[in-house]
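Report on the structure given below.
Derivation of every value follows stated rules applied to the coordinates shown; laboratory data play no part. As the structure is a computational prediction, the values presented were derived from the model and not from experiment. Here Cβ is always computed from backbone atoms with ideal geometry, including for glycine, and neighbour counts include all displayed protein chains.
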Amino acid sequence: MTIDENEQIIDGGNPLSVAPMMDCTDRHFRYFMRQITRRTLLYTEMIVTAAVLHGDREKLLGFSPEEKPLSLQLGGDNPQELAECARIAEDIGYDEINLNVGCPSSRVQNGNFGACLMAHPEKVALAVEAMQKAVTIPVTVKHRIGIDDRDRYEDMANFVRIVEQAGCRHFIVHARKAWLQGLSPKENRTIPPLRYEDVHRLKQEFPHLFIEINGGIKTLEQVREQLKYVDAVMLGRAAYDNPFLFASYDRDFYGENVTPPTRREVVEAMIPYIDYWLAKGWKLHAITRHMLELLAGVPGSKAWKRYISDRVHLSNASSQLLLDALAKVS
């Protein structure tokens with residue numbers, strides 16, 4: 001798929017995204033990823049509606065223009081609150097709003113949102129409808145194939161059918177069910193078996209919808225294979241554990257006539273950014289922690305991580321630490 005140099009493809013078009021991940025996809029990680037891929041759609045961490053409405057919005061929602069295209073993932077179940085949060089996000093400049101209907105954590109369940117909303121598709125539909133009316137940017141839904149014993153394909157299809165009637169056209173499907181009791185969020189990402197065929201069938205039976213698949217996809221070859229059956233692929237932990245995996249994606253999936261960056265170029269591009277945030281009082285570790293896996297899978301990876309980790313908390317640590325670490329690896 002080829003896109004114009006100045007065009008941003010969001011709903012109904014972007015074939016790749018990096019999943020929203022708690023304690024991972026903050027603004028520093030997103031800026032770092034932008035030095036590797038310009039086109040891949042990025043997400044915030046999930047932010048609950050109460051935090052958006054009553055918290056520090058600059059801290060929670062702030063982003064650099066370079067991070068776009070960018071989607072805000074919201075957690076909540078109150079249509080009016082979600083609509084107000086969507087309005088705030090659009091005013092700030094987000095490109096998309098995504099509703100979390102997939103997180104199985106106990107905190108989310110106590111708030112009666114996340115994955116437990118799969119049992120209440122009508123409530124999700126009301127929330128989507130309210131957000132659609134409040135904004136002009138796309139509203140999407142990220143969900144599981146099922147929860148607990150409510151995990152037949154027919155249950156998921158019914159969920160999508162009801163939410164679609166509220167105007168949603170883009171569904172991101174984590175191809176695992178979630179156990180709301182008995183498994184931790186981490187275990188829910190690995191233990192329930194992947195059922196890609198259910199997501200493929202969903203696309204076949206809802207060809208007019210934009211269906212994106214998520215879960216267990218780790219390589220370029222797997223991305224290509226999935227795109228034979230669905231419209232888009234979302235990578236989660238693979239993106240965080242091996243971010244340089246995306247270095248060729250602008251060329252390979254978006255048709256850009258570009259040479260993929262080198263790891264050294266990525267590090268050098270981060271130096272002014274790091275200096276800026278250090279001058280504002282941020283700790284170096286807040287940024288470098290996202291960069292530790294830049295050399296994943298190549299010789300020198302362990303030395304790179306060890307050099308940074310051993311020195312990042314020193315009082316005189318600066319962006320030069322990364323350049324020194326590269327020199328040690330070289």
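Listed values, structure above:
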quantity: Cross-link reach list, lysines versus Lys218, counting only Cα pairs under 29 Å and skipping chain neighbours closer than eight places; calculated: Lys68, Lys142, Lys177, Lys186, Lys203, Lys228, Lys302, Lys305, Lys328
quantity: Additional length obtainable on full extension of the chain from Leu227 to Leu194, 0.36 nm per residue less Cα span; calculated: 10.2 nm
quantity: Distance between the stretch 41-100 and the stretch 279-330 - C-alpha centres, whole angstrom; calculated: 30 Å
quantity: In nm, spacing of pseudo-spin labels at Ile92 and Asp275 (7 Å Cα→C-beta vector); calculated: 2.8 nm
quantity: Protection proxy ranking, peptides 176-189, 126-139, 243-256, average beta carbon neighbours within 10 Å, highest first; calculated: 126-139, 243-256, 176-189
quantity: Amide H partners (placed H, <5 Å) of Ile47, local residues excluded; calculated: Gln73, Leu74, Gly75
quantity: Segment Tyr153-Lys133, length gained on full extension (0.36 nm per residue, minus Cα span); calculated: 4.2 nm
quantity: Cβ-derived FRET efficiency at R0 25 Å, Ala296 paired with Lys186, nearest 0.05; calculated: 0.80
quantity: Mean Cβ neighbour count within 10 Å, used as a protection proxy, ranking 157-168, 267-278 highest first; calculated: 157-168, 267-278
quantity: Where labels lie 7 Å past Cα in the beta-carbon direction, separation of Arg161 and Leu53 in nm; calculated: 3.3 nm
quantity: Point-charge dipole on Cβ atoms (K/R +1, D/E -1) for the chain, about Cα centre, debye to 20; calculated: 1040 debye
quantity: Dipole of the chain, positive end: most advanced residue of Asn214, Val160, Thr136 [Cβ charges, Cα centre]; calculated: Asn214
quantity: For Glu256, distant residues with modelled amide H under 5 Å away; calculated: Arg251
quantity: Shape call, the stretch 263-329: gyration tensor on alpha carbons, a/c limit 1.5; calculated: prolate
quantity: Inter-site label distance for Met22 and Ser248 at 7 Å from Cα along Cβ, in nm; calculated: 3.6 nm
quantity: Cα-based shape type of the stretch 16-254, given that a ≥ b ≥ c are square roots of the gyration tensor eigenvalues and the cut on a/c is 1.5; calculated: rounded
quantity: Rounded to 5, the percent of DSSP beta bridges in the chain classed as antiparallel; calculated: 5 percent
quantity: Over the stretch 16-254, relative contact order from alpha-carbon pairs under 8 Å, at least 6 apart, %; calculated: 18 percent
quantity: Mean Cβ neighbour count within 10 Å, used as a protection proxy, ranking 297-309, 45-57, 17-29, 143-155 highest first; calculated: 17-29, 143-155, 45-57, 297-309
